[in-house]
Each structure stands twice: as structure tokens, then as C-alpha cells.
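The values are calculated or read from the model by the stated rules, or taken from the named source; none is laboratory data. Quantities reported herein were computed from a predicted structural model and do not represent experimental measurements. Using ideal geometry, Cβ is built from the backbone for each residue, glycine included, and neighbour counts are taken over all protein chains shown.
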Amino acid sequence: MSLIAVSCCPVCGSVERVPAPDGMARFKKDAGYHYLKHAAAALEITVEQLVDTARVFQCLSCHTFYCDPWVSQVVASRVFTSGAPDHIAGWANFEHWISSSNLNSVERANLTLYRLVERKAGGLSSYAEFGCPFQGFLLLFKAQEVTPIARMKLFKKAMGREPDVRWTKMTKLHHAATHWANSLVMGYHRLRTIKESLRSGQDRVFDQEKGGSLPANRFLLTQDTTRAWGNNCVRYGASCRYYAREVLNADVLPFEEAAQEVACGDRERFDLLGIFNSLDHTSDPVKVIRKGLAMARHIVVTTHHASHAGKQHLYAFDERFPQWLSTVLENAVVEDLTDAVIGSGKRSDNYLFISSDARVCV
């Protein structure tokens, strides 16, 4: 196995580029180390050799930063299938959410973002989240509806799914044995709930007296790719998709199938599609956004800023991505909400709002 050449921009296809050694992983050379170490092992090199060899260039057309060379599809698949199959950041958000009413930094930014989106898009009755279910609005919506005590009950019930009579004897024994581990997990969360309840600063998604609302119909749209986590994203005996359904009440659909249903008129367009730190894990981000606009009235996107993105990403966006995107999307308006969400300082993330209705982006 070896690194493979990336001769053109993976976002727009342009071959015009300039070297940009500080374009990605600017503040930490081996950012994403715990993903990169698995790729390096497959390539039989060190992480240091990998990050030095994967040079960074900036596309002169869309301004995207990307690595050349980069790992092959087979190596990337190994990283996200067996090396680091569970999305650490996503599961950390979920575990925090289970037993705390206090929002962490990701949830707090998402709360600000949702309030901005709601003012622009108006009432939302349906919402779909793409990729990871634990980085966007699904957690915020459910947090508004249930207390940490109720969340723990939902989580406990989901962990203790009923045995299937078709299971083998060994599977049934294993399932029974996990009861003790589940009890320890729940004991931890009960203690944590007490601790978290003593802290101040609980935030709410919206103020009911001001007429706020939450979309009643919620979905998780999944993707299959070598560049991101999939069905192997498992903890507590089940996948993140399972917990999205059982705990967050989100129906799970493949992204492509949902797009096809909307295109055929078998499903109404979603009011809002959320893409949270998943766009830079797709093989064709512009295609994803175009399909998203075909199936949703509005899209909200969060991406890592390139300076903070490690080289487990083939490519990463900087603050010019929204401006370029607005030039290639037909009948859509792209608005950069980053300053409104996190202020005007250095960016660690980018926040975009994309709408097929130009009237809302003012």
C-alpha cells in the first residue's frame, strides 16, 4: 500500500493550485493523530512521515485546501472501519447530553446557530440531519423535551433491548452478561446528574412565550463512504444510528434514498437539513449540497476551519468557501453565519446557511 496522488481539487476539480503548507493543521502538525496513526500503520510508516509526505495545496478556484498525496480508499476505509470506527467527538456529545442540562461548547454554539436559523427560516415542521446524529440539532431538540432523568431512562431502555428468540445461546449469554456493565454505566450517569444539577447555566433551545417551536418530524440521513464513520460507529452494544432512533426519535434513512423519494414526489421536502462536521468527510461536497437543496428548503452547515483540520481529512474549507459556493449554486443564497455564532475572532469552525428562498437571507 502507498499514498496516492491527488492531481486536482477534490471539491471543484480544478488543477490550478499553489502550495499552502500552513493551510491545514496549522496549530498542531499531527492534528487528528488518533486517526492518522492507523493510516500510518497500514502504510508501514510513522505518523510524522505521513504528515510530512501529505503536502497541502490550495485550489485557486474554490480556495479549498487539500492533501497531495493522500491515503488510498482502502487505507481510509481501514481507518474508519476498524482503526477508529466510533466517532469520538460525537459520542462524547451524546454521553454529556444524557446526564446534563448544561450545554457543552458544541451544544451552546448550536443553540445560537438554531436561534439564527429559526429567525431566518421561520417555523420548521421537519428536520433531517446528515451523517453524525450527535453533533447537530437532534440533541438540542430532544433536550428541550426531556429532562436528564428522562434521558437516562430512554438510554437505559435502549441499552437493554429485548433478546430475540432467534439468537444463539452464546448471543443470549453475552446479552445477559452486559446487564452488569450497563448497570455501572447508569450508576455513573446518576451520580453525574446530581453533580451537573448543582451547576448553573442551563440553556433552553427556545422561549415558548415568544412562540418558538421545534420540528416534530426528525430524521437522520446516513451515508456510506470510505472517508467517514458508518455502521461500525458502535458503543454500548449498538450503533449511533440505533440510538438516534431509540433515544432521539429520529427516523433513519439513507441520504440517497431520501433524495430519490423527494425527487419522485413520494416525500415532501424537509424544512431544514443539517450537515454538522460531515461535509468534509464526503467524496463530493458540492453534489451533497445540491442534492440537499433539492430535498430541503434550507441547509445549515458546520465545518472545521482548515487551520484546525487534521490530515485525516483529504480537504478542508476556510472562510472563503461560502463566497465561492454562492457562485456555483443555482437559485440559492449562501450566508456565512460564523461571526454571528462565535464572534469575529479566529475561527475553529465555519457556519453556513444555504437557502433556496432568497428572501430569508437578509
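Taking region 287-324 as the range and being part of a loop (DSSP other than H, G, I, E, B) and in contact with a Ser or Thr (Cβ under 8 Å, 6 or more places away or on another chain) as the test, the residues that pass are Asp318, Glu319.
For region 63-171, which fully contained helices (runs of 4 or more DSSP H) count at least 3 residues that are out of contact with any Phe, Trp or Tyr (no Cβ under 6 Å at 6 or more places or on another chain), hydroxyl-bearing (Ser, Thr, Tyr) and at positive phi?
Hits in region 63-171: none.
Residues Ser326, Ser355: which one is farther than 22 Å from Thr112 by Cβ and in contact with a strand residue (DSSP E or B) (Cβ under 7 Å, 6 or more places away or on another chain)? From the options Ser326, Ser355, the qualifying one is Ser326.
Looking across region 236-261, the residues that are among the polar types (S, T, N, Q) and either in contact (Cβ under 8 Å) with a residue 24 or more places away in the chain or within 27 Å of Ala176 (Cα to Cα) (or both) come down to Ser239, Asn249. Counting only residues that are surrounded by 12 or more Cβ atoms within 10 Å (Cβ to Cβ) and among the polar types (S, T, N, Q), region 148-178 holds 2 of them.
Criterion first (more than 19 Å from the chain's Cα centre (by Cα), surrounded by fewer than 22 Cβ atoms within 10 Å (Cβ to Cβ) and modelled with pLDDT of 95 or more) does Arg55 satisfy it? Yes: the conditions hold for Arg55. Can you tell me which residue in region 6-20 is farthest from Pro69 (Cα to Cα), limited to those that are in contact (Cβ under 8 Å) with a residue 12 or more places away in the chain and small (Gly, Ala, Ser)? Once the filter is applied, the top-ranked residue is Ser14. If I ask for residues that are farther than 28 Å from Val262 by Cβ, in contact with a helix residue (DSSP H, G or I) (Cβ under 9 Å, 6 or more places away or on another chain) and surrounded by fewer than 23 Cβ atoms within 10 Å (Cβ to Cβ), which ones from region 315-343 would you list? Those that are farther than 28 Å from Val262 by Cβ, in contact with a helix residue (DSSP H, G or I) (Cβ under 9 Å, 6 or more places away or on another chain) and surrounded by fewer than 23 Cβ atoms within 10 Å (Cβ to Cβ): Asp318, Glu319, Thr338, Ala340, Val341, Ile342. Annotation: of all residues in region 149-190 being of a type in the set (Gly, Ala, Ser) and without any contact (Cβ under 8 Å) to a residue 24 or more places away in the chain, the one that is nearest to Asn102 (Cα to Cα) is Ala150.
Between Asp22, Asp52, the distinction of being part of a helix (DSSP H, G or I) and not β-branched (Val, Ile, Thr) belongs to Asp52 only. In this entry, Ala143 passes the filter for residues that are farther than 16 Å from Arg235 by Cα, within 23 Å of the chain's Cα centre (by Cα) and at pLDDT below 95.
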